[in-house]
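Asks: If you scroll down you'll find the structure; I have some questions about it.
Bear in mind these aren't lab numbers, they're just calculated from the coordinates by the rules spelled out. Computed from a predicted structure; not experimentally measured. Cβ placement follows ideal geometry from the backbone for every residue including glycine, while neighbour counts extend to all protein chains displayed.
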Amino acid sequence: MKVLVINAGSSSLKYQLYNMENETVLASGRVERIGMDSSIVTHEPPGKPDVTQVSEILDHITAVKKVIDMLTHPEHGVVASMEEIDAVGHRIVHGGEVFKNSALVTADVKQEIRKLFDLAPLHNPAHMMGINAVETNMPNVPQVVVFDTAFHQTMPNTSYLYPIPKVLYRRHKVRRYGFHGTSHLYVSQQAAKYLGKPLESLKMISCHIGNGASATAILDGKSFDTSMGMTPLEGLMMGTRSGDLDPAIVPYVMNKEDLTLSEVNSMLNKHSGMLAISGISSDMREIVEAMGEGDANAKLAFDMYTYRVRKYIGAYAAAMNGVDVILFTAGVGENSNVLRKAVCEGISFLGVELDEERNNIRSKEVREISTDASRVKVLVVPTNEELLIARDTYAIVKGESK
Ligand code: AMP
């Protein structure tokens, strides 16, 4: 069975085609600048040269058509015809409280996703355009939706409720949902497999640290708490997002600086975090480089960033009354030995002992970076959200309920 995984944004659409017999990627690529005058299509079929084209792609229907053209092209294509694609899996950011698992796309499911537009106004409408575009281009192909929030639906109400008037939860579903769920689930499964132990037997703290960052406490194989909240703004300090802050700052700053709601929202999401503190960049590579050159603001940004990761690890160890495994994943977590060292150095009281040599090894595989004597195992686990989406899609289409 071949499964096409799609991550549709408002002006971009990323894709990967999987052969599920051996879980290999047949091709991947992206369409960027949808709706703008010169859209860019990049198609990467392993074993063949990459293809980049500039063309006019005014909507998602045309973007999906272009993806199909690429996948079935006589030269750079990887399948003979569209009929070889058996199912399509979509990444959906917000599944609210309705979606506790992945689901086959039906009219009812689409309606439920539409109801969640308010909670994820930048993401869910774009995902829906992706679903509709596939429906138009591939009318007989089953589609599955996989939600970033679904894994966290197991959180107890002590974790997910905010201590504010309950009417806001009842009327408007104001609660914590958590994100990066597909990644936290995938890496926790990989970590358990690597350690040769059932996931249910391990108390894990998963640190997904990329442009966006979140930590998750995983107890009995389920998400017990996670740092992102009703939106992906809560929790850890991020590239351009503030993470946790005193909510009273919002009205105070709006008043003092004469800012509108949308301006303050943009300040906290796009102009805060590491970018704001360093004054240099939101990219960890540039921060580490500037720090190496003695830049004090870059060092402050790095120190605040790692301090906040440590605080969450401490909080989650307390929340679970212990921790067996701490894992790092995503762009920064997988690649920055400097960040991992800074985080782990400050938490030796938990029984964490980092092996510097192991920490410095670069690899695409799951690896242990703690010493053999370390009470807590520290792992680096490359994430692969697309593969988990493909697996869920395959299972649901084959009729194995998720
Ligand atoms: P992601 O959102 O998971 O794609 O992660 C993207 C982030 O990973 C980038 O913004 C970089 O800051 C970070 N990153 C990628 N490679 C490295 C590296 N070698 N060292 C430090 N950070 C990295």
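Asks: Just to confirm my numbers, what's the Cα centroid distance between the stretch 288-367 and the stretch 44-73 in Å?
Replies: Centre-to-centre (Cα) distance: 38 Å.
Asks: Still on this model: From the helices alone, meaning DSSP H stretches of at least four residues, give me the mean residue ellipticity at 222 nm for the chain, per-run term -39500 (n - 2.57), in deg cm²/dmol to the nearest 500.
Replies: -11000 deg cm²/dmol
Asks: Over 26 Å between C-alpha atoms is what I'm after, so list which of Lys270/Lys377; Lys65/Lys110; Lys100/Lys377; Lys65/Lys364; Lys222/Lys311; Lys166/Lys311 land there.
Replies: Beyond 26 Å: Lys270/Lys377; Lys100/Lys377; Lys65/Lys364; Lys166/Lys311.
Asks: Assuming a viscosity of 0.692 mPa s and a temperature of 37 °C, what translational diffusion coefficient in µm² per second does Stokes-Einstein assign to the stretch 225-374, Rh being the Kirkwood radius over Cα pairs?
Replies: Translational diffusion coefficient: 195 µm²/s.
Asks: Considering amide H positions built from the backbone, and no H for Pro or chain starts, which residues 5 or more places from Leu379, or on another chain, come under 5 Å of its amide H?
Replies: Ile326, Leu327, Phe328, Ile369
Asks: Gaussian network model of the chain, Cα springs within a sub-10 Å range: biggest mean-square fluctuation belongs to which of His73, His271, His123?
Replies: So, out of His73, His271, His123, the one fluctuating most is His73.
Asks: Looking only at Cα atoms, what is the convex hull volume of the stretch 75-131 per residue, in Å³?
Replies: Convex hull of Cα atoms, per residue: 107 Å³.
Asks: Can you tell me what share of the DSSP beta bridges in the chain is antiparallel? A percent to the nearest 5 is fine.
Replies: 70
Asks: Taking the stretch 199-273, how much of its Cα-Cα pair set, in percent, is spaced more than 15 angstrom apart?
Replies: I get 60 percent for the Cα pairs in the stretch 199-273 exceeding 15 Å.
Asks: Pull up the cross-link candidates among the aspartates and glutamates for Lys48, meaning alpha carbon to alpha carbon under 17 Å and not fewer than 8 places away within one chain.
Replies: Hits, sequence-local ones excluded: Asp69, Glu75.
Asks: Right, another one. In terms of the ratio Rg/(2.2 N^0.38 Å) built on C-alpha atoms, what value belongs to the chain?
Replies: Taking the Cα Rg and dividing by 2.2 N^0.38 Å, one obtains 1.00.
Asks: On to the next question. Anyone know which of Ser363, Ser282, Ser11 comes out most mobile in the 10 Å Cα GNM of the chain?
Replies: Ser363
Asks: Each residue of the stretch 215-221 in order: what ³J(HN,Hα) in whole Hz does its phi give by Karplus 6.51 cos²θ - 1.76 cosθ + 1.60, θ = phi - 60°, with x for Gly and Pro?
Replies: My calculation for the stretch 215-221 gives 10, 10, 8, 10, 10, 6, x Hz in order.
Asks: Please find, in a Gaussian network model of the chain (springs between Cα atoms separated by less than 10 Å), the residue of Gly314, Gly322, Gly294 whose mean-square fluctuation is greatest.
Replies: Gly294
Asks: I've got another one for you. So if I average 1/r over every pair of distinct C-alpha atoms in the stretch 16-63 and take the inverse, what Kirkwood radius in Å does that give?
Replies: 11.7
Asks: Of all GluC sites (Glu not before Pro) in the stretch 226-301, which ones are in loop regions per DSSP and have a Cβ with at most 14 other Cβ atoms within 10 Å?
Replies: Here the sparse-neighbourhood loop sites are Glu293.
Asks: For a label point 7 Å from the Cα of Glu293 along Cα→C-beta, name the residues of the stretch 326-348 whose backbone N is under 20 Å from it.
Replies: Residues 338-339 qualify, since their backbone N sits under 20 Å from the label point.
Asks: How many percent of the alpha carbon pairs in the stretch 167-243 exceed a separation of 13 Å?
Replies: Summing the P(r) tail past 13 Å for the stretch 167-243 gives 66 percent.
Asks: Follow-up. Per the Debye formula with a single identical scatterer at each Cα and no solvent contribution, what log10 I(q)/I(0) holds for the stretch 1-127 at q = 0.11, 0.21, 0.22 Å⁻¹?
Replies: Taking Cα atoms of the stretch 1-127 as identical point scatterers yields -0.41, -1.22, -1.28.
Asks: Over the stretch 325-384, what per residue volume does the convex hull of the Cα atoms give, in whole Å³?
Replies: It comes to 67 Å³ per residue, whole-number rounded.
Asks: Which order do Glu385, Glu44, Glu56 fall in if you start with the one that has the fewest other Cβ atoms within 10 Å?
Replies: Glu56, Glu44, Glu385
Asks: Can you pull the percent of Cα pairs in the stretch 116-272 with separation above 23 Å?
Replies: 50
Asks: List, in order, the whole-Hz ³J(HN,Hα) value for each residue of the stretch 226-236 obtained from phi through the Karplus relation with A = 6.51, B = -1.76, C = 1.60 and θ = phi - 60°; use x for Gly and Pro.
Replies: With coefficients 6.51, -1.76 and 1.60, one gets 8, 7, 7, x, 5, 10, x, 8, 6, x, 5 Hz.
Asks: Still on this structure, I have one more. Between Rg and the Kirkwood Rh of the stretch 47-181, both from Cα atoms, what is the Rg to Rh ratio?
Replies: 1.08
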